[in-house]
Amino acid sequence: RSRELIEKQQNIDSSAVAYPEDIPIAFDSGKGATVRDVDGNTFIDMFAGIGVLNVGHSNPYVLEAVHEQTDKFVHTVDFPTEARLDLIEKLDEIAPAGLQGNMRTVFGGPTGSDAVEAAIKLSKYNTGGDGLIAFRGAYHGATSGAMSVTSNKKFKEAYTPLLPDVVHAPYPYPFRMEKSPQEAVDHALEELQEIVEDPYGGLANPAGIIVEPIQGEGGVVTPPEGFLQGVRDIATDNDIPLVFDEIQSGLGRSGQWWASEWYDVTPDVMTSAKALGGTGFPLSATMYHEDLDTWGSGDHAGTYRGHVVGMRAGTRAIEYIQEHDLLAHARELGDYIKTRLEEVGESNPQLAEVRGKGLFIGAEFVDADGNPDGDVGDAIQDYCFEHGVLVWKAGRHGNILRLLPPLVLTRDLAETALDVIADAIEHATT
Ligand code: PMP
């Protein structure tokens, strides 16, 4: 049945759809951290729809509120609703310390890309600048502005000209740069400082700096201490708004509400999406310091700014994470998973580095010469799919195994999944 559905999809859907084609899986249902396909096979979900299902598939506590809401009404634009105001208040409650109590939230539309567009517009509007600084390896989305700050040329070369005056500074990636963590941070910050402050730096009129506190698509690149603080200092010294893109790293994924909290650094603007819509409803938000709240009424408009069902789901999901202490669970389970992967790496030099925080975990694979090995990434993914575990890849060479399981994943399921992943690694590298 899965094969039939995949064949049908290939015939009628866009050629742009993306899923691993070798193993036919068509989904039928999901619960917690497991999904079933239409042929009755059960899988442990270790990627959660790319980090969306933090409270698990079809979380009943979230869906209870969704059903109540859909029975009443589904759509308004910006008219006040309890759903909207409850979520804004909830986001303020869990905001990084420096934004709590002085934050504004704009709902820019359903996707993460919408939230990034809002952040770019807000930064330009407030500064009058037009240049943007982003980082190598960054992924910020698929709309024109978001593509401009994304660094991978593959995603954008067919659509130029995009936003002019975007410069990508180095992101500290000690493993790939072959530098110590401190050297990688120093190098990244020196380059950033030159772009911003040196007349020959290349950027005439900066409007904003946008950065992922942990890079997701780039390969779960977890910056060493000092980097985000250094970026914060350069932004402050030069009066440039600092945007943290927490679309993948936020809402508990890293074991803190926001990955920036690991580094104790507060942005001026913060984007969220993915897990924001609770158990998978599309919703994004851009949160910012109230000093930047200068837009006039209607200055950032859109039909789906107020998706009431997504908002209800989002508030419930945050409550669920709070009530079940899932941040602590994500930290503990993440440590277990990283330890298991590190144990595999001890006897297998092709597993060169394990990194990440909470349940935002990457394992980087290299070939015998130490070069990125995307074939291993593919082979691990295929083996896992065949053996009932869904995993995703990341990084420019597809050589990073990326684990983003629901935060509700139990220790038992994690152990089973890691047994399969360990076998997959042995299978793919020998
Ligand atoms: N920013 C980051 C950090 C992301 O990981 C993503 C999606 N992978 C986006 C932005 C874009 O989100 P969306 O795909 O919902 O537009």
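Figures for the structure shown
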item: Residue in the range 1-15 that is small (Gly, Ala, Ser), surrounded by 15 or more Cβ atoms within 10 Å (Cβ to Cβ) and over 29 Å from Tyr320 (Cα atoms) present; result: yes
item: Number of positions in the range 364-395 that are part of a strand (DSSP E or B), over 21 Å from Val38 (Cα atoms) and of a type in the set (A, V, I, L, M, F, W, C); result: 3
item: Some residue of the range 34-57 being aromatic (Phe, Trp, Tyr), under 24 Å from the mean Cα position of the chain (by Cα), buried (at least 19 other Cβ atoms within 10 Å of the Cβ) and not in a helix (DSSP H, G or I); result: yes
item: Close pairs from the range 241-261: first more than 26 Å from Pro206 (Cα to Cα) and open to solvent by 10 Å² or more (accessible area, probe 1.4 Å), partner assigned to a loop (DSSP other than H, G, I, E, B) and aliphatic (A, V, I, L, M), Cβ under 7 Å, at least 6 apart; result: Trp257/Ile94; Trp257/Leu251
item: Selection count where residues are closer than 27 Å to Asp375 by Cα and over 23 Å from the mean Cα position of the chain (by Cα), scope the range 14-33; result: 8
item: The range 282-295 - residue that is part of a loop (DSSP other than H, G, I, E, B) and more than 22 Å from Tyr139 (Cβ to Cβ) and, of those, farthest from the ligand (Cβ to nearest atom); result: Thr294
item: Some residue of the range 343-355 being in contact (Cβ under 8 Å) with a residue 60 or more places away in the chain, closer than 28 Å to Lys393 by Cβ and within 17 Å of the chain's Cα centre (by Cα); result: yes
item: Subset of the range 287-316 [more than 17 Å from Leu85 (Cβ to Cβ) and of a type outside the set (Phe, Trp, Tyr)]; result: His289, Asp291, Leu292, Thr294, Gly296, Ser297, Gly298, Asp299, His300, Ala301, Gly302, Thr303
item: Yes/no for Val66 being of a type in the set (Val, Ile, Thr), open to solvent by 30 Å² or more (accessible area, probe 1.4 Å), touching a helix residue (DSSP H, G or I) at 6+ places or on another chain (Cβ under 7 Å) and modelled with pLDDT of 95 or more; result: no
item: Positions within the range 87-136 being in a loop (DSSP other than H, G, I, E, B), of a type in the set (Val, Ile, Thr) and more than 16 Å from the ligand (Cβ to nearest atom), in sequence order; result: Ile94
item: Residues located in the range 137-148, provided they are within 11 Å of the ligand (Cβ to nearest atom) and more than 18 Å from Leu228 (Cα to Cα); result: Gly141, Ala142, Thr143, Ala146, Met147
item: Qualifying helices (runs of 4 or more DSSP H) (wholly inside the range 154-239; at least 2 residues being more than 28 Å from Phe360 (Cβ to Cβ) and open to solvent by 70 Å² or more (accessible area, probe 1.4 Å)); result: 181-197
item: Long-range neighbours under 8 Å by Cβ, at least six apart or interchain, first residue within 17 Å of Arg402 (Cα to Cα) within the range 20-49, second surrounded by fewer than 20 Cβ atoms within 10 Å (Cβ to Cβ) and among the basic types (Lys, Arg); result: Phe43/Arg36
item: Tally of residues being outside any strand (DSSP E or B) and either within 12 Å of the ligand (Cβ to nearest atom) or under 13 Å from the mean Cα position of the chain (by Cα) (or both) across the range 258-279; result: 8
item: Inter-residue pairs, beta-carbon under 8 Å, first free of Cβ contacts under 8 Å to residues at least 40 places away in the same chain and in the range 159-173, second open to solvent by 40 Å² or more (accessible area, probe 1.4 Å) and assigned to a loop (DSSP other than H, G, I, E, B), 6+ apart; result: Pro164/Asp130; Val167/Gly202; His168/Arg136; Ala169/Arg136; Pro170/Arg136
item: Pick from the range 230-255, criterion of a type in the set (S, T, N, Q) and within 16 Å of the ligand (Cβ to nearest atom), ranking: farthest from Ala328 (Cα to Cα); result: Gln248
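The values are calculated or read from the model by the stated rules, or taken from the named source; none is laboratory data. None of these values were measured; they are calculated from a predicted model. Neighbour counts run over all protein chains shown; Cβ positions are idealised from the backbone, glycine included. Just the protein is used for accessible areas: all its heavy atoms, side chains included, with ligands, DNA and RNA removed. Shrake-Rupley method; radii C 1.70, N 1.55, O 1.52, S 1.80 Å.
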